[in-house]
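Shown next, in structure tokens, is the structure this report addresses.
The values are calculated or read from the model by the stated rules, or taken from the named source; none is laboratory data. Because the structure is a prediction, the values reported are computed rather than measured. Every residue, glycine as well, gets a Cβ built from its backbone with ideal geometry; the counts of neighbours run over all protein chains shown.
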Ligand SMILES: NC(=O)c1ccc[n+]([C@@H]2O[C@H](COP(=O)([O-])OP(=O)(O)OC[C@H]3O[C@@H](n4cnc5c(N)ncnc54)[C@H](OP(=O)(O)O)[C@@H]3O)[C@@H](O)[C@H]2O)c1
């Protein structure tokens with residue numbers, strides 16, 4: 001059996017722990033220096049993974065864009081109902097960047113046919129107990145395909161599912177000196193009721209980058 005990939009979760013949050021406003025606006029919470037860090041982190045992983053919520057809200061390209069060109073990781077989208085729009089940036093650029101979508105709706109259908117015609121690899125996923133794509137199933141399948149590292153870039157529901165599954169090796173959390181108030185909280189329900197059960201890293205360090213603070217946690 002192939003080893004499980006190393007998994008890094010990363011996001012940019014406000015000082016009050018939000019990754020977006022209540023309307024979903026998240027561009028840009030971090031300063032230019034930490035945006036460059038995000039592209040370096042993409043470069044350093046074989047897979048970049050996001051949820052369909054982020055794709056529908058932000059229409060991201062999820063590619064590695066640095067001054068010195070570097071290969072972009074394979075893009076993976078978790079999309080139980082195959083809602084990935086054919087006119088999204090992800091689909092329009094999948095001739096350049098390999099793209100895999102894990103879904104529970106992989107049966108024959110017009111949406112699947114359209115995405116495959118554009119070059120997207122549509123993969124049947126296992127369901128979790130909430131009827132969504134199983135995080136463990138995706139990680140195991142990616143391991144089977146030989147991928148050794150995954151960069152999880154959000155959004156909130158996907159970050160929460162990876163943390164709940166206990167699959168995260170490293171977190172890189174950018175904290176910007178802004179307050180958002182009600183908004184999208186970075187991490188949702190983890191079932192932690194006692195502080196003794198809080199997730200605690202084996203190692204942590206914090207550094208300043210531009211106006212932000214970057215926390216790196218190793219579990
Ligand atoms: N500041 C940052 O660093 C940053 C980074 C990324 C995103 N964001 C922001 O985050 C917001 C989006 O967050 P979000 O929570 O709505 O979306 P998300 O986490 O990107 O995607 C969530 C969706 O993914 C699908 N999914 C499939 N399997 C799942 C699983 N096992 N666990 C969780 N979700 C699964 C679900 O839709 P189906 O049931 O249809 O599959 C779910 O609704 C946006 O406002 C975006 O701008 C901020």
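Side notes on the structure shown:
- All told, residue 62 falls short of being more than 19 Å from residue 138 (Cα to Cα) and modelled with pLDDT of 95 or more.
- Within segment 122-146, considering residues that are within 16 Å of the chain's Cα centre (by Cα) and within 15 Å of residue 104 (Cα to Cα), the one surrounded by the fewest Cβ atoms within 10 Å (Cβ to Cβ): 136
- Exactly one residue among 95, 154, 107, 146 is closer than 24 Å to residue 29 by Cβ and either in a loop (DSSP other than H, G, I, E, B) or more than 16 Å from the ligand (Cβ to nearest atom) (or both), and that residue is 154.
- Residues that are assigned to a loop (DSSP other than H, G, I, E, B) and touching a strand residue (DSSP E or B) at 6+ places or on another chain (Cβ under 6 Å) were ranked within segment 180-211; the one that is farthest from the ligand (Cβ to nearest atom) is 202.
- Boolean, residue 210 is surrounded by 14 or more Cβ atoms within 10 Å (Cβ to Cβ), modelled with pLDDT under 95 and closer than 30 Å to residue 23 by Cα: no
- In segment 67-83, of all residues being near the ligand (Cβ under 10 Å from one of its atoms) and assigned to a loop (DSSP other than H, G, I, E, B), the one that is surrounded by the fewest Cβ atoms within 10 Å (Cβ to Cβ) corresponds to 81.
- Selected residue (criterion: nearest to the chain's Cα centre (by Cα)) from residues of segment 169-199 that are exposed (fewer than 10 other Cβ atoms within 10 Å of the Cβ) and free of Cβ contacts under 8 Å to residues at least 60 places away in the same chain: 189
- Contact map, segment 118-131: first residue within 22 Å of residue 93 (Cβ to Cβ), second residue within 13 Å of the ligand (Cβ to nearest atom) and assigned to a strand (DSSP E or B), Cβ cut-off under 8 Å, separation 6 or more or different chains; pairs are 120/101; 121/101; 122/101; 122/103; 123/101; 123/102; 123/103.
- Of the residues 38, 50, the single one that is at pLDDT below 95 and closer than 22 Å to residue 162 by Cα is 38.
- Residue check for residue 41: without any contact (Cβ under 8 Å) to a residue 12 or more places away in the chain, within 15 Å of the ligand (Cβ to nearest atom), closer than 19 Å to residue 151 by Cα and in a helix (DSSP H, G or I): no
- Residue identified as in contact (Cβ under 8 Å) with a residue 40 or more places away in the chain and surrounded by fewer than 23 Cβ atoms within 10 Å (Cβ to Cβ) among 14, 26, 63: 14
- Residue within segment 104-121 that is modelled with pLDDT of 95 or more, over 26 Å from residue 41 (Cβ atoms), touching a strand residue (DSSP E or B) at 6+ places or on another chain (Cβ under 7 Å) and crowded, with 21+ Cβ neighbours inside 10 Å present: yes
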